[in-house]
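See structure below.
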Amino acid sequence: MSRRTIRLVRSSLACTLLCAGLAGCNLIGVIADKAAGDRPVPAQFQPDALRPLLVIAENYRDPGTSASDAERIQTLVSRQLEEHKVAPIVSTEKLIAIRDRSPVSFRKMSVIEIARAVGAAQVLYVDITGVGVGTQVGGDSLKGVASANVKLIDAESGDVVFPKDLDAGTAVGFESQLHRATVDVTADRVRAETLIGLSEHISRIFHSYRPSDLERLGDGEK
């Protein structure tokens, strides 16, 4: 092999290695950018991690019509807060037991009285302002929408500790993905998905999360 041929081979090999290196750098850059975009988002507010916390959900304006949705949201939010170790969570079963023992007396109890009755020192109060599943143009697609006002209350003093500047609470909303209605994909199923989405958005106020979690929900944040 002549010296000229050897030089050409070396030059070609160097170009190949350089291109491979650049491609690798580009790939690493894409991965790094994606990872940077999925950094944990901190909690908006952190409840006292040592004080028992009770979740109460209701539609303040029309409690009877949204009772099942409220109970589901209570359970879901309580579970999510417990999973993220936000605070010791008072079980929803204790709340239901008090309600079922004397429904008439329970309706007259304030949020603070209910909290004290189950041994809670702080209350996450969820006022459900709307839950529904609508049909899109053509009638073959379903979309769920849900919203609520949320506030954290000190059960000992009765003071709202979060948010400080909004008496009604901070607004939280969720919209499901658009689903084509089928035998399996019903309005009830979309409603259930919507309640899960709203609950996760509520709990996320009080613990850190990654933006990719929103992609999993298909969201949705309003």
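The values are calculated or read from the model by the stated rules, or taken from the named source; none is laboratory data. Everything quoted here is computed from the prediction, not taken from an experiment. Cβ: placed from backbone, ideal geometry, glycine included. Neighbour counts: every protein chain shown.
For this structure, a couple of remarks:
- Taking segment 119-140 as the range and being buried (at least 19 other Cβ atoms within 10 Å of the Cβ), under 24 Å from His201 (Cβ atoms) and of a type in the set (Gly, Ala, Ser) as the test, only Ala120 passes.
- Condition met for Phe106 (in contact (Cβ under 8 Å) with a residue 24 or more places away in the chain and among the aromatic types (Phe, Trp, Tyr)): no
- If you check Thr194, Thr186 for being among the hydroxyl-bearing types (Ser, Thr, Tyr), surrounded by fewer than 20 Cβ atoms within 10 Å (Cβ to Cβ), touching a strand residue (DSSP E or B) at 6+ places or on another chain (Cβ under 9 Å) and modelled with pLDDT of 90 or more, only one passes: Thr186.
- Search result, residues across segment 115-165 that are assigned to a loop (DSSP other than H, G, I, E, B), touching a helix residue (DSSP H, G or I) at 6+ places or on another chain (Cβ under 7 Å) and not β-branched (Val, Ile, Thr): Ala155, Gly158
- Count of segment 65-88 residues which are in a helix (DSSP H, G or I) and touching a residue at least 40 places away in the same chain (Cβ under 8 Å): 9
Conditions (1) at pLDDT below 70; (2) exposed (fewer than 12 other Cβ atoms within 10 Å of the Cβ), marked per residue:
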residue	(1), (2)
Arg4	yes, yes
Leu27	yes, yes
Ala36	yes, yes
Asp62	no, yes
Ala67	no, no
Ile73	no, no
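- Enumeration of residues in segment 202-222 that are touching a strand residue (DSSP E or B) at 6+ places or on another chain (Cβ under 6 Å), under 24 Å from Ser68 (Cβ atoms) and at pLDDT below 95: Gly220, Lys222
- Consider segment 166-209 and keep the residues that are part of a loop (DSSP other than H, G, I, E, B) and closer than 14 Å to Gln44 by Cα. The one that is farthest from the chain's Cα centre (by Cα) is Gly169.
- Considering residues of segment 70-98 that are under 19 Å from Ile114 (Cα atoms) and of a type in the set (Lys, Arg) only, the residue farthest from the chain's Cα centre (by Cα): Lys94
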